[in-house]
Number of protein chains: 4
Amino acid sequence: MGAGSEESEVPPKIEPVTPEAEKALRVRRGWNVAMADRKALISVIGGSDSAPPEALVLAGEVGFLIARADAVLVCGGLNGVMEAACKGAKRGGGTTVGILPGPDAAAANPWVDIPVVTAMSTARNAIVVRTGDAIIAIDGSFGTLTEIAYALDLGKKVFALRSWELEKLDVSRELFVPVRTAREAVEGAVGEAHRVR
Amino acid sequence: MGAGSEESEVPPKIEPVTPEAEKALRVRRGWNVAMADRKALISVIGGSDSAPPEALVLAGEVGFLIARADAVLVCGGLNGVMEAACKGAKRGGGTTVGILPGPDAAAANPWVDIPVVTAMSTARNAIVVRTGDAIIAIDGSFGTLTEIAYALDLGKKVFALRSWELEKLDVSRELFVPVRTAREAVEGAVGEAHRVR
Amino acid sequence: MGAGSEESEVPPKIEPVTPEAEKALRVRRGWNVAMADRKALISVIGGSDSAPPEALVLAGEVGFLIARADAVLVCGGLNGVMEAACKGAKRGGGTTVGILPGPDAAAANPWVDIPVVTAMSTARNAIVVRTGDAIIAIDGSFGTLTEIAYALDLGKKVFALRSWELEKLDVSRELFVPVRTAREAVEGAVGEAHRVR
Amino acid sequence: MGAGSEESEVPPKIEPVTPEAEKALRVRRGWNVAMADRKALISVIGGSDSAPPEALVLAGEVGFLIARADAVLVCGGLNGVMEAACKGAKRGGGTTVGILPGPDAAAANPWVDIPVVTAMSTARNAIVVRTGDAIIAIDGSFGTLTEIAYALDLGKKVFALRSWELEKLDVSRELFVPVRTAREAVEGAVGEAHRVR
C-alpha cells in the first residue's frame, strides 16, 4: 500500500509538541512508555540451515512461548533455528527482530518484523547477544559458540537446549543453564529478563 | 510483571511445528507475514542535546507522521531529535527502534520500544542508516553528517529539514532533498520506502 | 618460504621472561618502546577507482612524505587514492596499514604491509579515522565524506587536498583545513599528530 | 620529536609518480612489496589482568618466537597475555599490532607499535581473529572463547596453550590443536600461515 492513502488520515495541522502540551496529553490519554514498561527482549541463537529437525521444532516452541510471555524475540534474522523461532513467535502474536550480518534486509527470513541491517558479518553476533536481556541457545555450531561466549563474558544467562555442553568445561551453572524443554528455557529466560531490569 | 503469571496462559502441550501443520494453521488463521507486508522503516537522524527547540518540534511531528503512515521509526536511541521523534511516534501509536552506541539499554530514551545495543560507539551510525528504507535528517552536527554521507554512499534518499546544506556542494537533489515541513519529509520518505522495496 | 628454516634460527632454549630478567635485559640492551616513542599514524582517505590522475599523483606524494616524516600510513587498504598513497609510502621506506572493509586480506592493494580485516563494510571507515592521529583527505566521494565527518565529530583535524569543500558550509578552518600541496598536507598532519599526543 | 626536523630531509621537489617512473624506479631500486612477500600475521589471544604468571611467561616466549620467525604479532592491545606477548615480540625485534576495544590509543600497552582504535568494545574480537593468518590461544576466559569460536567458525587453526579444552567437546584436532610449548604453538601457527596464503 502506498503512503498516499495513509497520509490522508493525518490531520493537516499538528500542534507543536511543547513539553507542557505533551505532559497534558500524556496525563489525559494515559500514555505510559517508561522504561520499566518496555517489553523483555529474549535472544534466540542457534544453527542455521544445518540444524536438525528436532532443533527446529524446539525453536518454534521457544518462539511461540516467548511471544505468549509478551516478550520480544531477537535473533540473527536468517534461517534454521532463527527462522523457526521467528515463525513460532509470529504464531504466538509476538514481535520479531532480526539482526542481520549482511547488507540487505531482503535476506531476513519472512517472519522477521524488524530487520536490523548491520553489514558487519559475524561481528553482529555481539549485537544479538547485547540486545537480549537473556539468551536461549538451541543446537548451533561455532557461530553459536561465539554468541554463548559473548553472553557469558557479559554475565548474561544462557539457557541451552541441545546446544554446546559447556558444563563439561566446568562453566558455572549459574550462568550457563542446560535445560530440556522449550518451556524451561523460556520461563528461565523471561524470569531472568525481568530480574535484571 | 513476572513471567510466571504470563506463562500460566500458555497451553501445556504445544503441537510440534511441522511444515504441514504450519501451512494448515496459516491458511486457517489467515497469517500473512511475508516480506512484502513488512512495515516500512524510516530512520530519523539529527542532533542530540544541542538541537534547538524548533528542531525538536519538527522531530516530534515527523515521528508522529511516521507512526500515522504505519511505518516504524528507527533512530540512534538517545536524546534531542531522537527522543522527540520517538515521543511523537509513540503519540501516533507507532513502534520505535533505538540503535544505541553504548553498551547499556538503559541509555535509550524512554520512548524507545526496542533498544538495539551495539556497544560500537559511532560506528553504529552506519547501522542506523542501513536499517532505514529512507532517511530524514533534522538539524544535526558532524555525527549527523556521517549518517547523511552513509546514506548517499548507499544511494538512499535523505530528506533534510533544517539540516546540512549539501546542495551548496552540488550534491544531487535526486538523493539529497531539502524539505521545509515535517509532512513533506515523511511523505517523501514513506513514498521512497515503498518504492525501493 | 616455509617457517621451518626460520625456526632453525631460534635458540633452542629461551629463558623464562620474568619481570626481573626482563628489566635487567632492558637496561642492558637499551630497549625503549614506551608510548611516547610510538610513531605517528596518519590516515589518508579518498576515492577508490574513480579518483582522477591528479589525485593519484598527490596521493603518491603524500604517502612518500608521510614515510619520510617517519610516520605510519593508515588507509582503507583498497585501490585508487589508497593504493597510490601506500605505493608512495613504500617508496619512501615507510610502513602501511590497510583497514579493509571485506573479509579477505587478499583484497588489500599490494603495497599494504599490514592488512587489518574487519569484514564490517563501510563501518570500518570509523576505524580508519579513529586510528589516525590526523587525517589527510584527497579527492573522494560520499565514503570519504563519512570519514571526514567522523574526524570532525572526534575533533580530529582534516587536511583536505582537492576534496570536499566544507568551508562553503562554514565548517571551522581550525578543524577542516583546505591545503594545496602534498607537502602542506603532510607537514600539517604530522605536526598535528605530534601535538595531540 | 617535532615534524619540522624530519621534514627538512624531504627533497623540495618530488617527481610526479607516473606508472612509468614508478616502474623504472622499482626496477632500479629493487623494490618488492608484492602480496606474496607480506609477512605472516599471527594473532595471540588470551586473558588480560587475570592471567596467571605461567601464562605470561608462555606469552612472552610466544611473542619472541613470532618475531624471530619474521611474523607480525596481532593482539587485542591490552594487558596480561597481550602485553606479555607484545613485550616478547619487541625483544625479538618484531612488529606488534594492537586492535583495541576502546576509543583511545593510549590504552594500548607500551609494547604495541600500531594501535588500531576500533571503539567497538568486544566486537573487535572478530577483527583480531580475522586479521591473523593463524591463532595462538594462551589461557583466557570467555572473551578468549569468543575469539577461539570465531576462528573455528572461519576455519582458522587455533593452537591452544593452557587454554580452553575444547577437545572435551569433540572439536576436531584439525582445527583446534592443543600444544604444550611456545615453540610448538609458534611453529604450528607460522607454518599454517604460510600454508593458507
* **Peptide A:155-168, shielding by other chains (average Cβ, 10 Å cutoff)** => 1
* B:Val116's amide H: which non-local residues (gap 5+, or another chain) put their own amide H closer than 5 Å, with H modeled 1.01 Å from N in plane and none for Pro or chain starts? -> B:Gly98, B:Ile99, B:Leu100
* **Nearest residue to the symmetry axis between B and D, taken on chain B by its Cβ, in whole Å** => B:Met120, 2
* Expressed as a whole number of Å, what is the distance separating the alpha-carbon centroids of the range D:154-191 and the range A:71-85? -> 32 Å
* Enter the mean number of other protein chain beta carbons within 10 Å of the beta carbon of each residue in B:131-140, as an integer. => 1
* Structure fact -> Taking a ≥ b ≥ c as the square roots of the eigenvalues of the Cα gyration tensor, with a/c under 1.5 meaning rounded and otherwise prolate when a/b exceeds b/c and oblate if not, the range A:58-197 is oblate
* Asked: Inter-copy label distances at D:Arg180, 7 Å along the Cα→beta-carbon direction, one decimal in nm, shortest first?
  -> 4.1, 7.1, 8.2
* Structure fact -> FRET efficiency for A:Arg180 and A:Lys39 from the Cβ-Cβ distance with R0 = 35 Å, rounded to 0.05, comes out at 0.85
* **Computed magnitude of the charge dipole of the range C:100-197 (debye, nearest 20; Cβ of K, R +1, Cβ of D, E -1)** => 140 debye
* Selection of GluC sites (Glu not before Pro), the range B:164-197, meeting DSSP coil and at most 14 other Cβ within 10 Å -> B:Glu165, B:Glu174
* To do: Can you list the distances in nanometres, one decimal and ascending, from the A:Asp49 label point to the identical position in each other copy, with the point 7 Å along Cα to Cβ?
  => 2.8, 4.6, 5.0
* **Mean shadow area of the range B:40-93, taken as a quarter of the surface of its Cα convex hull (nm²)** => 2.9 nm²
* Put a label point 7 Å from Cα along the Cβ direction on D:Arg195, then list its distances to the equivalent points in the other copies in nm, shortest first. => 4.5, 5.2, 5.5
* Using amide H atoms built 1.01 Å from N in the peptide plane, name the residues 5+ places from D:Lys157, or on other chains, whose amide H lies under 5 Å from its own. => D:Ile135
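For C:Asp104 and C:Ser50 in the same chain, what is the full-extension length gain: residue separation times 0.36 nm, less their Cα-Cα distance, in nm?
Going from the current span to full extension adds 17.2 nm.
A short reminder: the numbers here are calculations on the coordinates, not readings from a lab. Everything numeric here is computed off the predicted structure, so don't read it as measured data. Because the Cβ atoms are built from the backbone with ideal geometry, glycine has one as well, and the counts that use them run over all protein chains shown.
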